[in-house]
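Asks: Okay, handing you the structure first.
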Amino acid sequence: MSLRIITTGGTFDKHYDPIAGTLGFGDSHLAEIVARARLAAPASLEVLMLIDSLEMKDAHRAGVLDACRAAPENRIVIIHGTDTMAETAAVLGAAALDKTIVLTGAMLPYEVAGSDALFNLGFAIGCASHLSVGAWIAMNGVAHRWDAVRKNRERGVFEAT
């Protein structure tokens, strides 16, 4: 399987600053996570941007789409903030690329105890190798097509529409 993993940031990639008591961005956790996961097949890693998805604008989404178009791999996992993940999935899905693109993220940062980041990334990689062409959101053990998903903010999960 030819796989590219792209990170755009989101809670997944945030760092906790114990002095300021805030979450923010430093370096991406992606290379460390992939090394820890001991993937059987190689993956190309790309840090596209490190922003909170609430700050993501149309130009950022166009950049994500451009990165997917430019990727030589036909299977792509995108780490993305959960707040606007469905909007980015819609841009990618509407583009109808001949690739399988799976977006995932985390409700808690990777470096915080109890984070769902590692599980979600592993699940998304598995989904990327088995799902059909199109854009998908894979979170917490469930995958949804880009045009049939929403984030339920009250429950903190993605669900079918």
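Any read-out appearing in this document is the output of simple, stated calculations on the displayed coordinates, not a laboratory observation. Here the structure is a predicted model, which means the values were calculated and not measured. Quick reminder, even Gly has a Cβ in these numbers, built from the backbone with ideal geometry, and neighbours come from all protein chains shown.
Asks: Among DSSP beta bridges lying fully in the chain, give the percent that are antiparallel, nearest 5.
Replies: On the way: 11 of 31 bridges.
Just about 35 percent of them are antiparallel.
Asks: I need the calculated FRET efficiency for the pair Lys57 and Ala148, taking r as the beta carbon distance and R₀ as 22 Å, to the nearest 0.05. Could you put the intermediate results ahead of the total?
Replies: Numbers: r = 25 Å, r/R0 = 1.12.
That gives a FRET efficiency of 0.35.
Asks: For the chain, what is the mean residue ellipticity at 222 nm derived from helices alone (per DSSP H run of n ≥ 4: -39500 (n - 2.57); sum divided by total residues; nearest 500 deg cm²/dmol)? Could you put the intermediate results ahead of the total?
Replies: Values: 4 runs with 46 residues, N = 161.
After summing the helix terms and dividing by the residues of the chain, the value is -9000 deg cm²/dmol.
Asks: Output the peptides 102-111, 135-144, 15-24, 30-39 sorted from most to least packed, where packing is the average of other Cβ atoms within 10 Å over each peptide's residues.
Replies: Details: 102-111: 22.8, 135-144: 20.3, 15-24: 10.3, 30-39: 13.5.
Top of the packing list down: 102-111, 135-144, 30-39, 15-24.
Asks: Oh, and also: Give me the distance between the Cα centres of segment 143-161 and segment 29-105, rounded to whole Å.
Replies: When both Cα centres are located, 18 Å separates them.
Asks: Near the amide H of Leu3, under 5 Å away, which other amide H atoms are found, from residues 5 or more places off or on another chain, if H is placed in the peptide plane?
Replies: For Leu3, the qualifying residues are Ser44.
Asks: Which whole-number percent gives the relative contact order of segment 1-157, counting Cα pairs below 8 Å spaced six or more residues apart?
Replies: 25 percent
Asks: Kirkwood Rh, the chain, all Cα pairs: how many Å?
Replies: 15.4 Å
Asks: Which whole-Hz couplings ³J(HN,Hα) result when phi for each residue of segment 32-41 is put into the Karplus expression 6.51 cos²θ - 1.76 cosθ + 1.60, θ = phi - 60°, listed in order with x for Gly and Pro?
Replies: Here the 3J(HN,Hα) series is 4, 5, 5, 4, 5, 6, 6, 4, 6, 10 Hz.
Asks: Give me the orientation-averaged projected area of the Cα convex hull of segment 109-152, in nm², one decimal. Working shown, then result.
Replies: Values: hull surface 14.1 nm².
The orientation-averaged projected area of the Cα hull of segment 109-152 comes to 3.5 nm².
Asks: Another question about this same structure. Can you give the Rg to Rh ratio for segment 30-88, taking only C-alpha atoms and Rh from Kirkwood?
Replies: Reported Rg/Rh, Kirkwood definition of Rh: 0.98.
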